[in-house]
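Novice: Here it is, the structure, as structure tokens.
Here, each number is a calculation from the coordinates, and none is a lab measurement. Predicted, not measured: the structure shown is a model, and the values here were computed from it. Quick reminder, even Gly has a Cβ in these numbers, built from the backbone with ideal geometry, and neighbours come from all protein chains shown.
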Amino acid sequence: MKYCIVTYGCQMNLHESEKIAGVLRGEGYTEAGEIGEADIIVFNTCCIRENAENHAFGNIGALKKLKREKKGLLIAVGGCMAQERGKAELLRKKFPFVDIVFGTHNLNELASLIERKRKERKAVVSLKEERGETEDGIVPVRTSYPNAWVNITYGCNNFCSYCIVPYVRGRERSRGAEQILEEVRGLVKEGYGEITLLGQNVNSYRDGDVAFPELLERVARIEGNFRVRFMTSHPKDFSAELVRVMKENPKICRHLHLPVQSGNNRILALMNRRYTREKYLEEIALLKREIPDCEVTTDLIVAFPTETEEEFCDTLSLVKEADLSSAFTFIYSPREGTKAAQMEGRIPEDIAKDRIMRLVEAVNANTREKSAKYAGKTVEILCEDYDGKKGLYLGRDQYGRMGYFASGTDMIGKFVKLVIKEANGISLYGEIAE
């Protein structure tokens, strides 16, 4: 029997798909080469933005013919969209050929749900309201070598007014520090060169007296040749202690992803972000003062309800003032059940599109300017893949830039020093240093 997993959304979802694969492997499934070969197809969905939902709906609907033609094929839908209030019922009505629906709190039940479905004629639905660390016993099938994701928290307590995450992933829960450290030690022994600590808000991690900076420092002190990243950080929980740990531990990448969302204080208050533009810039100034070469990336939302042109321009100016190296940029997408979805003052589509285009250009201008400074320099990257179309190997440096290079031998999983010959946007092109 073979499986196929279709994943939408963030790194958290990508890692959870590795866990889903682990469950299926435990049931005797192997990975299918293509979707048409699979005996079970699992959609691990995202509901952060409307586009992600629409994309998932379209791809699920496209399987109606395959389901009719292939006897015994199981189709399962899980993840954030399945957990969202009312969506499970919508899925059942819209796609009656879907066999299993399971939420973010039910990943560990997938094997039993498959068994139930094979015994029952009707669809099987399992949605819990909350959970503990129930999936920690699952051995994931990791697909991202030489990078590995390690959960340190689940859920979120922040309740930003635009965000559905606390409603579909539950309240924040931290894993035990020793459990995390043991997982990282095992990954390093297996040869993983980069460990990324994952959480909706890693800064608020706490296991007894162990807060995030201490956990990060303990991870960085593990013996072995590897790098450490972490995401995502929340500016309200940013600390001088975190900066100290980053500065004193060379294994920690000189890269911080610190989502700001808006550069205007009124909009930040409406978003319930609990910091100001000034506070954010103070944090960036502290980081740059202590670690001058540290690069900062962020998330930015435009066209939040009632956002004026002047307030949008505050976000534009923040890109330069905070010296951002790149950003994920989004037009506000209302999510049913959040406070922002009830707000008046929706921004017209044409204005929203104009703002996102101007913001993207501002971010790209910063990125190009920073990339140009790489020319002639030697950087170390961790090679993570081979691009067949370009005929080049690729990997990121510690600052998050992707470097491409040619090699006659397989370099995946190795740290490689490159002399940069050309910079193109966020991509660097170089030759292996002598």
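Novice: What does the charge dipole of the chain about its Cα centre add up to, to the nearest 20 debye, if the Cβ of each Lys and Arg holds +1 and the Cβ of each Asp and Glu holds -1? Write down the numbers at each step before the final one.
Specialist: Values: 65 positive and 65 negative charges, 247 e Å.
Once rounded to the nearest 20, the dipole reads 1180 debye.
Novice: Helix-derived [θ] at 222 nm for the chain: sum -39500 (n - 2.57) over DSSP H runs of at least 4, divide by residue count, nearest 500? Can you show the working numbers first?
Specialist: Details: 14 runs with 149 residues, N = 434.
Value at 222 nm, helices only: -10500 deg cm²/dmol.
Novice: If amide H atoms are built 1.01 Å from N in the plane of the peptide, which residues on other chains or at least 5 residues away come under 5 Å of the amide H of N272?
Specialist: Result for N272 returns S161.
Novice: Additional query: Quick check: pseudo-label points 7 Å beyond the Cα along Cα→Cβ at D387 and K2, how many nm apart are they?
Specialist: 2.9
Novice: Distance between the C-alpha centers of the stretch 360-430 and the stretch 186-201? Whole Å please.
Specialist: Cα centroid to Cα centroid, the span is 21 Å.
Novice: Report the one residue of L107, L287, S427 whose Cα lies farthest in the direction of the positive end of the charge dipole of the chain (charges on C-beta: Lys and Arg +1, Asp and Glu -1; origin at the Cα centre).
Specialist: Toward the positive end, the furthest listed residue is L107.
Novice: Something else now. Quick one: Cα convex hull volume of the chain, Å³ per residue? Kindly include the intermediate steps, with their values, before the conclusion.
Specialist: Values: hull volume 67.2 nm³, N = 434.
Expressed per residue, the convex hull around the Cα atoms of the chain is 155 Å³.
Novice: Among F312, I60, A148, whose Cα projects farthest towards the positive end of the dipole of the chain, with charges put on the beta-carbon of Lys, Arg (+1) and Asp, Glu (-1)?
Specialist: Selected residue: I60.
Novice: Moving on. Taking only the alpha carbons of the stretch 378-432, what extent do you get along each of the three principal axes, in Å, biggest first?
Specialist: Per principal axis, max minus min of the Cα coordinates gives 24, 21, 16 Å.
Novice: Considering only the chain, what is the antiparallel percent among its DSSP beta bridges, to the nearest 5? Walk me through the numbers on the way to the answer.
Specialist: On the way: 25 of 67 bridges.
The answer is about 35 percent antiparallel.
Novice: Quick one: which residues, 5 or more positions from I252 or on another chain, have an amide H under 5 Å from its amide H? H modelled 1.01 Å from N in the peptide plane, none for Pro or chain starts.
Specialist: Amide H neighbours of I252: V228.
Novice: Also, I was wondering about something else. Using a 7 Å offset from the Cα along the Cα-to-Cβ direction at both D299 and E178, what is the distance between the two label points in nm, to one decimal?
Specialist: Here the answer is 3.4 nm between the modelled labels.
Novice: How would the stretch 2-126 be classified by its alpha-carbon gyration tensor: rounded, prolate or oblate, with rounded meaning a/c under 1.5 and the a/b versus b/c comparison settling the rest?
Specialist: Details: a/c = 1.28, a/b = 1.13, b/c = 1.13.
Taking the square roots of the gyration eigenvalues as a ≥ b ≥ c, the stretch 2-126 is rounded.
Novice: If I take every Cα pair under 8 Å that is 6 or more residues apart in the stretch 134-370, average their sequence separation and divide by the length, what percent do I get for the relative contact order? It would help to have the intermediate numbers written out before the result.
Specialist: Numbers: 388 pairs, mean separation 39.7, N = 237.
Across the stretch 134-370, relative contact order equals 17 percent.
Novice: Another one. Where the centroid of each part is defined by its Cα atoms, how far is the stretch 77-94 from the stretch 1-36 in Å?
Specialist: The stretch 77-94 and the stretch 1-36 have Cα centres separated by 19 Å.
Novice: If I take every Cα pair under 8 Å that is 6 or more residues apart in the chain, average their sequence separation and divide by the length, what percent do I get for the relative contact order?
Specialist: Values: 831 pairs, mean separation 44.4, N = 434.
Once normalised by length, the contact order is 10 percent.
Novice: Moving on to the next point. Can you list residues from other chains, or at least 5 along the same chain, whose modelled amide H is less than 5 Å from the amide H of V302?
Specialist: HN-HN under 5 Å from V302: F330, I331, Y332.
Novice: May I pose another question? Charges only on Cβ, +1 for Lys and Arg, -1 for Asp and Glu: so what's the dipole of the stretch 134-370 about the Cα centre, in debye to the nearest 20?
Specialist: The dipole of the stretch 134-370 has a size of about 240 debye.
Novice: Which of V379, V260, V165 ends up with the largest GNM mean-square fluctuation for the chain, with Cα atoms connected below 10 Å?
Specialist: Highest fluctuation among the options: V379.
Novice: Would you kindly derive the ³J(HN,Hα) couplings of the stretch 100-117 from the backbone phi angles with the Karplus curve 6.51 cos²θ - 1.76 cosθ + 1.60 (θ = phi - 60°), listing them in order in whole Hz, with x for Gly and Pro?
Specialist: For the stretch 100-117, the Karplus curve yields 9, 10, 9, x, 5, 9, 10, 4, 5, 8, 4, 4, 5, 5, 5, 4, 4, 5 Hz.
Novice: List, in order, the whole-Hz ³J(HN,Hα) value for each residue of the stretch 168-176 obtained from phi through the Karplus relation with A = 6.51, B = -1.76, C = 1.60 and θ = phi - 60°; use x for Gly and Pro.
Specialist: My calculation for the stretch 168-176 gives 9, 10, x, 6, 5, 9, 9, 6, x Hz in order.
Novice: Highest first, please rank the peptides 94-107, 407-420 by the mean number of other Cβ atoms sitting within 10 Å of their residues. Show your work: numbers first, answer last.
Specialist: On the way: 94-107: 21.0, 407-420: 15.1.
Highest-to-lowest ranking by the protection proxy: 94-107, 407-420.
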